[in-house]
1. Looking at (1) part of a loop (DSSP other than H, G, I, E, B); (2) modelled with pLDDT of 75 or more; (3) in contact with a strand residue (DSSP E or B) (Cβ under 7 Å, 6 or more places away or on another chain); (4) surrounded by fewer than 21 Cβ atoms within 10 Å (Cβ to Cβ), find the lone condition where residue 205 falls short.
2. For region 67-84, give me each residue that is under 16 Å from residue 191 (Cα atoms) and modelled with pLDDT under 80.
3. As an exercise: evaluate residue 119 against (1) at pLDDT below 50; (2) touching a helix residue (DSSP H, G or I) at 6+ places or on another chain (Cβ under 7 Å); (3) surrounded by fewer than 18 Cβ atoms within 10 Å (Cβ to Cβ) and give the number of the one condition it does not meet.
4. Restricting the search to region 273-299, which residues are assigned to a helix (DSSP H, G or I) and touching a strand residue (DSSP E or B) at 6+ places or on another chain (Cβ under 7 Å)?
5. Just for region 258-274: of the residues that are surrounded by fewer than 24 Cβ atoms within 10 Å (Cβ to Cβ) and within 15 Å of residue 40 (Cβ to Cβ), which one is modelled with the highest pLDDT?
6. When residues of region 287-309 are filtered for being surrounded by fewer than 18 Cβ atoms within 10 Å (Cβ to Cβ), in contact with a helix residue (DSSP H, G or I) (Cβ under 8 Å, 6 or more places away or on another chain) and over 26 Å from residue 141 (Cβ atoms), how many remain?
7. Among residues belonging to region 122-170 that are modelled with pLDDT of 55 or more and part of a helix (DSSP H, G or I), point out the one that is farthest from the chain's Cα centre (by Cα).
């Protein structure tokens, strides 16, 4: 008598494999979306911590930090305490600031973040490295700058994925200068003045303080280059523009969010790896995700602190 064995037939096995494949294809996008949601939340938390730091700074010094702090001259530019390191004492990075002060009055030394072409990477020291919370986890660009031929002294400093807003492009005060170095004073983080909360007459909930700039477009060749372009250093750098020193951790609003066309260094678009827009910190400490399709007049109005524009919903 013949014994029958229980089991799957080949057809049944293929059907099961096909069903599993379909389920995986359905679940994978959901998993990816969940991961992006978590990264976006972390990016939002980074900006919230910046908001607390800015407000604590304001409580201490009775103003927001200015975007530049003049220091001794360096050929072609110089080391500059931008707004980002000024917040170190308020984000539990005070030891970095204490160490940086040991380089005073001129932090451009052999142990500083800059180096001559071909010199050792002194900037690889931990003090000049990545700062927690200064980069977006969704970005694929990493948390350090890279060396580039003309500006090799950038020396692998920690990168900064969030840049201050110094106003809209229509308010630039040096339109005749090199297009890469145009700057404005109509925002909050300006290269030529410090601003108080009382100066934000358009309303702190209607004024951008910081915006995300974590993705890289063609100008920077897909790399996190410290000078110009989209990406800036945690520790600052300035270039002379007339009699002013212009940093690279702030920008003017000229183009839409995630703009992929041509642009100049200080009008590079705010951008991100989050689908559909980018994260922004407002002067009241709140964080908003602004769509890349936001009306440009509304967007530029958000960049000014006291131009009298009426901003409703955005």
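The values are calculated or read from the model by the stated rules, or taken from the named source; none is laboratory data. Quick caveat, the model's predicted, so the values are computed rather than measured. Cβ coordinates were reconstructed from backbone atoms using ideal geometry, including for glycine residues, and neighbour counts include every protein chain displayed.
1. Against the list (1) part of a loop (DSSP other than H, G, I, E, B); (2) modelled with pLDDT of 75 or more; (3) in contact with a strand residue (DSSP E or B) (Cβ under 7 Å, 6 or more places away or on another chain); (4) surrounded by fewer than 21 Cβ atoms within 10 Å (Cβ to Cβ), residue 205 comes up short only on (1).
2. Correct list: 67, 68, 69, 70, 71, 77, 78, 79, 80, 81, 82.
3. Tallying (1) at pLDDT below 50; (2) touching a helix residue (DSSP H, G or I) at 6+ places or on another chain (Cβ under 7 Å); (3) surrounded by fewer than 18 Cβ atoms within 10 Å (Cβ to Cβ), residue 119 fails exactly one: (2).
4. The answer is 299, and nothing else.
5. 274
6. Residues in region 287-309 being surrounded by fewer than 18 Cβ atoms within 10 Å (Cβ to Cβ), in contact with a helix residue (DSSP H, G or I) (Cβ under 8 Å, 6 or more places away or on another chain) and over 26 Å from residue 141 (Cβ atoms): 3 in total.
7. Per the stated criteria, the residue is 170.
Each row is one residue, and each column tells you yes or no for (1) loosely packed, with under 14 Cβ neighbours inside 10 Å; (2) at pLDDT 90 or above; (3) within 30 Å of residue 164 (Cβ to Cβ); (4) under 24 Å from the mean Cα position of the chain (by Cα).
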residue: 15; (1), (2), (3), (4): yes, no, no, no
residue: 18; (1), (2), (3), (4): yes, no, no, no
residue: 23; (1), (2), (3), (4): yes, no, no, no
residue: 27; (1), (2), (3), (4): yes, no, no, no
residue: 34; (1), (2), (3), (4): yes, no, no, yes
residue: 44; (1), (2), (3), (4): no, yes, yes, yes
residue: 50; (1), (2), (3), (4): no, yes, yes, yes
residue: 54; (1), (2), (3), (4): no, yes, yes, yes
